[in-house]
Amino acid sequence: MNLIKYVVIFTSFIFLVNCGETEKKDDKKRVTIGASKEVKKEDSKTVTIGLTGNDMMQFNTKELKVKAGVEVTLTLRHTGKMDLKVMGHNFVLLKSGVEIPSFSLEAANAGGAEDWIPNNGKDVIAHTKMLGGGQSTSVTFTAPSAGTYDFICSFPGHSGIMKGKFIVE
């Protein structure tokens, strides 16, 4: 009988403690550094874009959108740990009509001395330097005319996976 009495008292106590207490909602937003996929507008003439690449040969997004003629500052962060010579990444925005496979072959032939950018960049609108794990860099350029352009990583073997569309509206 004493056990039942204690259980009833304990249950009543728990009930009274919880009465009137409402569920608390956590209003904090979860932030993951470097995982932003959106374009941050600073004003109508400039935009800042964040892009990351990792040791799994992946960009964090496959699509970037901007307005024609705006000044774009793209910051690339290599979130991996591997060295530049093993798992280097860059951002290369190709001119309209440039075929990724042929450009990638030319980039491989250009080699590291040219930062994997062939023909002095004749087929490139903009590009960053090559990065190793933990590094970041930025490039600023004017968005080309409206259309859809390809962006890639030109490190040998990466462009088959590390690619996306740069959409200019």
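The values are calculated or read from the model by the stated rules, or taken from the named source; none is laboratory data. As the structure is a computational prediction, the values presented were derived from the model and not from experiment. Neighbour counts are summed over all protein chains in view; Cβ atoms, including those assigned to glycine, are modelled from backbone coordinates with ideal geometry.
Structure above, values below:
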{"item": "In region 138-169, residue surrounded by the most Cβ atoms within 10 Å (Cβ to Cβ) [restricted to those that are of a type in the set (D, E, K, R) and touching a strand residue (DSSP E or B) at 6+ places or on another chain (Cβ under 6 Å)]", "result": "Asp150"}
{"item": "Spans of strands (runs of 3 or more DSSP E) in region 40-101 with at least 3 residues of a type in the set (Ser, Thr, Tyr)", "result": "46-53"}
{"item": "Complete set of residues in region 56-85 that are surrounded by 12 or more Cβ atoms within 10 Å (Cβ to Cβ) and free of Cβ contacts under 8 Å to residues at least 40 places away in the same chain", "result": "Asn60"}
{"item": "Single condition Thr79 does not satisfy, out of (1) in contact with a strand residue (DSSP E or B) (Cβ under 7 Å, 6 or more places away or on another chain); (2) over 17 Å from Asn54 (Cβ atoms)", "result": "(2)"}
{"item": "Test: residue in region 49-67 that is more than 30 Å from Thr142 (Cβ to Cβ), modelled with pLDDT of 50 or more and hydrophobic (A, V, I, L, M, F, W, C)", "result": "yes"}
{"item": "All positions within region 122-169 that are part of a strand (DSSP E or B), within 15 Å of the chain's Cα centre (by Cα) and either farther than 21 Å from Val66 by Cβ or among the polar types (S, T, N, Q) (or both)", "result": "Leu131, Ser136, Thr137, Ser138"}
